[in-house]
1. Of a type in the set (Lys, Arg), modelled with pLDDT of 90 or more and more than 30 Å from residue 99 (Cβ to Cβ): which single residue out of 225, 278, 241 fits that description?
2. Identify, by number, the condition in (1) in contact with a helix residue (DSSP H, G or I) (Cβ under 6 Å, 6 or more places away or on another chain); (2) more than 30 Å from residue 209 (Cα to Cα) that residue 141 doesn't meet.
3. Could you give me the residue pairs with C-beta distances under 6 Å whose first residue belongs to the range 150-161 and is farther than 11 Å from residue 177 by Cβ, whose second residue is surrounded by 15 or more Cβ atoms within 10 Å (Cβ to Cβ) wherever it lies, and which are 6+ apart or on separate chains?
4. I'd like the residue in the range 378-402 that is outside any loop (DSSP other than H, G, I, E, B) and among the hydroxyl-bearing types (Ser, Thr, Tyr) and, out of all such residues, is nearest to the chain's Cα centre (by Cα).
5. Can you pull out every residue in the range 157-171 that is surrounded by fewer than 12 Cβ atoms within 10 Å (Cβ to Cβ) and part of a helix (DSSP H, G or I)?
6. For the range 359-377, which residues satisfy the criterion of being of a type outside the set (Gly, Ala, Ser) and either farther than 21 Å from residue 40 by Cβ or in a helix (DSSP H, G or I) (or both)?
7. Residues of the range 140-149 being touching a residue at least 40 places away in the same chain (Cβ under 8 Å) and not small (Gly, Ala, Ser), which ones?
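The values are calculated or read from the model by the stated rules, or taken from the named source; none is laboratory data. Since the structure is predicted, the reported quantities are computational estimates derived from the model, not experimental observations. As a convention, Cβ positions derive from the backbone with ideal geometry for all residues, glycine included, and neighbour counts pool all protein chains shown.
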Amino acid sequence: MKGLTRNQSFAKAAALALCASLVVPLAGCSTAASTAPGVQKVVVETVGQSGLKKAHMAVGRVMGDTESAVMSKISGRVVRVQAEIGQEVKAGQPLIFLDDKDYNAALAQAIAGLQGAEARLADTQKGTRTQQRRQIEEKIQSAKAALDNAKLNLDRVKALFASGAVSQSQLDAASLAYTQAETAYQSALQELSLSNEGATKETLASLQATVAQMRAAVEAAQLNKNNTVITAPISGKIAAKNIHEGETAAPGVPLLTIVSREPVVEAYVPEDQINSIKVGQTLKVRIEQVSSEPFDAKVLAISPMANAVSKEYPVKLSLPGDPDQWKSGMYAEVTLPDASSKTVTVPDEAIVKRGSERIVMVTDGKKAMARPVITGASDGTNVEILSGLQAGEKVIVVGQDVLKDGAPVQVINEKVNGK
């Protein structure tokens, strides 16, 4: 290989080794003399669209017993406890009873207040009764008579004052009496007018708001009374007892602990596959410690928040059959729906790393051309090309590492679908 550079010598050796490995000998591969000096022999593959072989499995663990604390929502003295450690209980079963005397009194008071508010509203909505209207009319007649008398007296005093028979103070007193009589008469007339028109919208709105407020007070008092009976939040077995008769229960303090025998599988699904599953969907789950055969499990819940590090979403699935066969910590494999998608891909070996740049070498059959690309996901065999390459182009998959942009090449083999 006298006169050849070291890279050219390496390229010739690689080409001869490749030719020797081909099942069907290709023309021009038998000797080095058949290739023009400086021409690199390459193998190409046509770019196509295919589905990446993404992982369709999610791993998880069996989550065993679920603990739930029994707590009171109100304060109260405990008068009875119907729970012992080891006892099986059902969700909603009464377990602890608090003294309800004060809460019964508060409820009775709230009911009385509501009844009074409703009565006032109803009375106002009915308007003035006949008897009340008659009394107002009698008041008007009396006020009119008083006004007439005051007018006659004022006229008389004015005449006497003009003749000098009465003083100024007597005239002022007669004038004041007339003004007061007139005011009383006008007030009686206004009272009759209001009784005929009924209550104003503002008055009715205020009374209705009072009724609504008292009704809410009754509901709150009833809720407090109901909370004097503390029930089991879930079905299970009493595992701890922290309260006894005569002690005081306070909100937020655990009184009992219930262990539920309803184990589930908690699996962790990658973010690119989480949208392929829904709550209520049935997936295949295999737990080797129990059976080598997969079983159907229903998706119970999907967390809306991914793990900040792994970017995986916790998903809970049901476990069928006897709950005693599932032990906390058992390894589980969950088969996910097919999440592959059609995209432009090339073999991993076609990607050439040059600094921070990723390129592929394409060819028109005569020369190599460097093509910068942006890569995406990889399944270990093929890599997704997000931009820089189109389906149908020929990518060099053997010999590309030593090529420069514009270098002459000779295609000695073309792969189809990686073969």
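1. Working: 225 fails: more than 30 Å from residue 99 (Cβ to Cβ); 241 fails: more than 30 Å from residue 99 (Cβ to Cβ).
Residue meeting the stated conditions: 278.
2. (1)
3. 160/166; 161/171
4. We begin by selecting, within the range 378-402, every residue outside any loop (DSSP other than H, G, I, E, B); these are 378, 382-387, 394-398, 400-402.
After this cut, where a residue has to be among the hydroxyl-bearing types (Ser, Thr, Tyr) as well, the list is 378, 387.
Working: 378: 32, 387: 36 Å.
The extreme case among them is 378.
5. Residues satisfying the conditions are 159, 162, 163, 168, 169.
6. Hits for the range 359-377 are 374, 375.
7. Scanning the range 140-149 gives 140, 144.
This table checks each residue for (1) touching a Cys at 6+ places or on another chain (Cβ under 6 Å); (2) at positive phi; (3) part of a helix (DSSP H, G or I); (4) of a type in the set (Lys, Arg).
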| site | (1), (2), (3), (4) |
| --- | --- |
| 275 | no, no, yes, no |
| 280 | no, yes, no, no |
| 284 | no, no, no, yes |
| 290 | no, no, no, no |
| 301 | no, no, no, no |
| 308 | no, no, no, no |
| 313 | no, no, no, no |
| 317 | no, no, no, no |
| 320 | no, no, no, no |
